[in-house]
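Since the structure comes first, as structure tokens, the remarks are kept for the end.
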Amino acid sequence: MSKQEEPQNSTTETDDAAPETIELDENGDEIQPEAEVDPLEAAQQEIAELKDKQLRLHAEMDNLRKRTQREVADAHKYAIEKFATELLEVIDNLERALESEEGNEAAVREGVKLTLNSWHEMMKRFQVERIDAVGNPFDPHLHEALTQMPSDQPEGTVIAQHVAGYTLNGRLIRPAKVLVSSGPA
């Protein structure tokens, strides 16, 4: 009898590969590995996204430009609205002065003085300042000399003012028209 040998399996099945790990998302679902993306497709998609972003930025800038133009136009159109509203009070006072009875010149004169005072107060609120030059040295930046005449005042002193000057926020908008002393005769 021959001894039967059991055939030996010379090749043993060994698991050379590591066990596959399965990743799960927060819901417990299996996350599929990303398929390889064609680099050309990825570049084309990125270009499309950038073009879309550029178009949106261009449209946004165009809208901003138009909105800014509208705001500037409105600012120019209504810039003096507050000033005009304040001016209406002075106009109302002048109209009341005209409605006063004849023969009451003292009351009209007093009303005109009060109206003029309210005018100057309103102008100050808007930084329009009156230049009163009489008694001050002549300043060509603030005054316009109409003539020079001999006077007891020192030479170069303003002796009379025909028209008051005005500044707006410190900037001359109308010079005072004045007579200047040329010194004693």
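Once the range 151-162 is narrowed to residues that are out of contact with any Ser or Thr (no Cβ under 7 Å at 6 or more places or on another chain) and exposed (fewer than 14 other Cβ atoms within 10 Å of the Cβ), the residue that is nearest to F126 (Cα to Cα) is H162. The requirement of being under 17 Å from the mean Cα position of the chain (by Cα) and either surrounded by 10 or more Cβ atoms within 10 Å (Cβ to Cβ) or under 30 Å from M122 (Cα atoms) (or both) is satisfied by L64. Being in contact (Cβ under 8 Å) with a residue 24 or more places away in the chain, at negative phi and polar (S, T, N, Q) is the filter; apply it to the range 104-145 and report the residue that is surrounded by the fewest Cβ atoms within 10 Å (Cβ to Cβ). Looking at the filtered set, the residue picked out is S118. The strands (runs of 3 or more DSSP E) located wholly in the range 100-170 that include 1 or more residues which are modelled with pLDDT of 90 or more and out of contact with any Asp or Glu (no Cβ under 9 Å at 6 or more places or on another chain) occupy 128-131, 143-149, 158-163. Apart from one condition, Q148 fits all of (1) within 26 Å of L87 (Cβ to Cβ); (2) surrounded by 15 or more Cβ atoms within 10 Å (Cβ to Cβ); the exception is (1). The set of residues in the range 151-171 that are within 28 Å of E86 (Cβ to Cβ) and out of contact with any strand residue (DSSP E or B) (no Cβ under 7 Å at 6 or more places or on another chain) comprises N169, G170, R171. Against the criterion of being closer than 30 Å to G183 by Cα and of a type in the set (V, I, T), T167 qualifies.
The values are calculated or read from the model by the stated rules, or taken from the named source; none is laboratory data. These numbers come from a predicted model, not from an experiment. We place every Cβ from the backbone using ideal geometry, glycine too, and count neighbours over all the protein chains shown.
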